[in-house]
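Read the structure below first, then the notes.
The values are calculated or read from the model by the stated rules, or taken from the named source; none is laboratory data. Only a predicted model underlies this, so the values are computations on that prediction, with no experimental measurement involved. Counting neighbours? That spans all protein chains shown, and the Cβs are built from the backbone with ideal geometry, glycine included. Just so you know, the surface numbers come from the protein's heavy atoms only, side chains and all, with ligands and any DNA or RNA stripped out. Shrake-Rupley method; radii C 1.70, N 1.55, O 1.52, S 1.80 Å.
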Amino acid sequence: MTNTKSLFETVTLGNITLDNRIGVAPMARISASFEGVATEQMVSYYTSFARGGFGLIITEGMYTDDKYSQGYFNKPGLIDEEQTQAWKKVVDSVHQAGAKMFAQIMHAGALSQGNRFVQETIGPSAVQPKGKQMEAYIGKGLYPTPREATKEEITEVINGFVNTAKRAKTAGFDGVEIHGANGYILDQFLTDYTNKRSDEYGGSTENRVRLLVEVSKAVREAVGQDFTIGIRISQGKVNDYNHKWKGKERDAEIIFGQLGRAGLDFIHVTEYEAWQPAFPTDESTSAANSALDNGGASLAALAKKYGGVSVIANGHLEDPVKAREIVEKEEADLITLGKGALANHDWVNRVKKGEPLVEFDQEKVLSPDAKIKDFEV
Ligand SMILES: Cc1cc2nc3c(=O)[nH]c(=O)nc-3n(C[C@H](O)[C@H](O)[C@H](O)COP(=O)(O)O)c2cc1C
């Protein structure tokens, strides 16, 4: 390992400095109370990653309003005082164990499969989502066709992200990540086949990225300059793993270029990988080696090239050699691990000491559902 840009060096993201360049990726675990309040089990679960050496922990996606944002039952939210105070306990404990923590804020849109506030779903257009609801998140059957969001509802979506980001600051988080990836509402706006709008939010790539840019700018304005904010972007989706942007590198230039000028400190790129038994695993979709349809550069490298802000890379990087390479090649400033972290809450400490890593066992961790298991805390 060379000494420069190695995984174990500090890195600055916005106004915070991380002890190393390895983070835990956001992972939904449906272990909050029905009212969306974080539990003691979640305090222990998140703290265990901090004790295991991770410099940054990004929370599971949390919902942003009491309307259409909640994606699954027992998902945590960050929209009221009780939820905010419960997250404060998690954040305080993670800080005491030495890591920084970002809140991932998420609106599920048409992919909502469990919402305690409403039954109906909204999306950019009335297009039924591909695929089936996720059983690990207690979903069943097809997704319903969403109702096309009105302009007022789009404003409510933006306000939800803004209010939740402000609450994240109050709860003591070190930053927020806006969930713009994996097929949820912001990605539904970005995606040509789910967004059939004829107004300024639909049509060209510039128009389809507009809501992501507006949310980013509104969040920046609300939290001020001294709070780290970023956005997560992917091509693939939980219900369409292999989706690629039709405009290829030109799309990457527009999407990352616009987001790079929206006041964000970082862009977190991921290529979603199949991890559920119901779907085949496609090893080719990782941030490290997956690119646009035309091959070539990784999504992380394109985010770096056109975004001009810090880049976090994610997707099948649990092999330390791969993780180190992407950082040393300067395609990303840091990496995050999903399944690798679930299998090794102490991945960082193990790699530092040269100890062997445990293989991710889906049956053990995510069956019969995605709830946090007792052995994980
Ligand atoms: C159990 C589980 C839950 C996930 N939930 C989220 C989520 O809430 N938000 C998100 O952006 N990605 C979510 N993901 C995707 C991961 O953040 C990550 O992108 C994916 O697992 C690929 O990275 P990996 O190869 O390191 O696992 C989830 C993944 C898993 C395995």
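You will find that of Thr164, Thr155, the residue that is in a helix (DSSP H, G or I), among the polar types (S, T, N, Q) and either touching a residue at least 60 places away in the same chain (Cβ under 8 Å) or under 19 Å from Glu60 (Cα atoms) (or both) is Thr164 and no other. So is Gln83 open to solvent by less than 10 Å² (accessible area, probe 1.4 Å), of a type in the set (S, T, N, Q), in contact with a Pro (Cβ under 8 Å, 6 or more places away or on another chain) and in a helix (DSSP H, G or I) or not? For Gln83, the condition - open to solvent by less than 10 Å² (accessible area, probe 1.4 Å), of a type in the set (S, T, N, Q), in contact with a Pro (Cβ under 8 Å, 6 or more places away or on another chain) and in a helix (DSSP H, G or I) - is met. Of the candidates Ala297, Ala278, Ala287, Ala301, the single residue that is part of a loop (DSSP other than H, G, I, E, B), at pLDDT below 95 and either among the polar types (S, T, N, Q) or more than 11 Å from the ligand (Cβ to nearest atom) (or both) is Ala278.
On the basis of being in contact with a helix residue (DSSP H, G or I) (Cβ under 8 Å, 6 or more places away or on another chain), outside any helix (DSSP H, G or I) and open to solvent by 20 Å² or more (accessible area, probe 1.4 Å), does Glu35 make the cut? Answer is yes for this residue. Pull up segment 336-368, narrow it to residues that are outside any helix (DSSP H, G or I) and within 18 Å of Thr59 (Cα to Cα), then point me to the one that is nearest to the ligand (Cβ to nearest atom). Among residues in segment 336-368 that are outside any helix (DSSP H, G or I) and within 18 Å of Thr59 (Cα to Cα), the one nearest to the ligand (Cβ to nearest atom) is Gly338.
Checked against the criterion of being in contact (Cβ under 8 Å) with a residue 60 or more places away in the chain, under 19 Å from Gly77 (Cβ atoms), among the hydrophobic types (A, V, I, L, M, F, W, C) and open to solvent by 10 Å² or more (accessible area, probe 1.4 Å), segment 111-131 contains not a single residue that satisfies it.
Met101 fails exactly one of the following numbered conditions: (1) in a strand (DSSP E or B); (2) of a type in the set (A, V, I, L, M); (3) surrounded by fewer than 24 Cβ atoms within 10 Å (Cβ to Cβ). What is the number of that condition? Just one mismatch for Met101, condition (3).
Of the residues making up segment 328-344, just one is surrounded by 23 or more Cβ atoms within 10 Å (Cβ to Cβ), in contact (Cβ under 8 Å) with a residue 24 or more places away in the chain and in contact with an Asp or Glu (Cβ under 7 Å, 6 or more places away or on another chain), namely Leu337.
No other residue among Ala218, Ala181, Ala168, Ala222 is within 25 Å of Glu81 (Cα to Cα), within 16 Å of the ligand (Cβ to nearest atom) and among the small types (Gly, Ala, Ser) apart from Ala168.
Of note, Phe189 does not satisfy the criterion of being more than 17 Å from Pro129 (Cβ to Cβ) and either among the acidic types (Asp, Glu) or at pLDDT 95 or above (or both).
Here's the yes/no breakdown for (1) within 13 Å of the ligand (Cβ to nearest atom); (2) part of a loop (DSSP other than H, G, I, E, B); (3) over 28 Å from Ala108 (Cα atoms):
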residue: Met27; (1), (2), (3): yes, yes, no
residue: Ile58; (1), (2), (3): yes, no, no
residue: Asp66; (1), (2), (3): no, yes, no
residue: Tyr72; (1), (2), (3): yes, yes, no
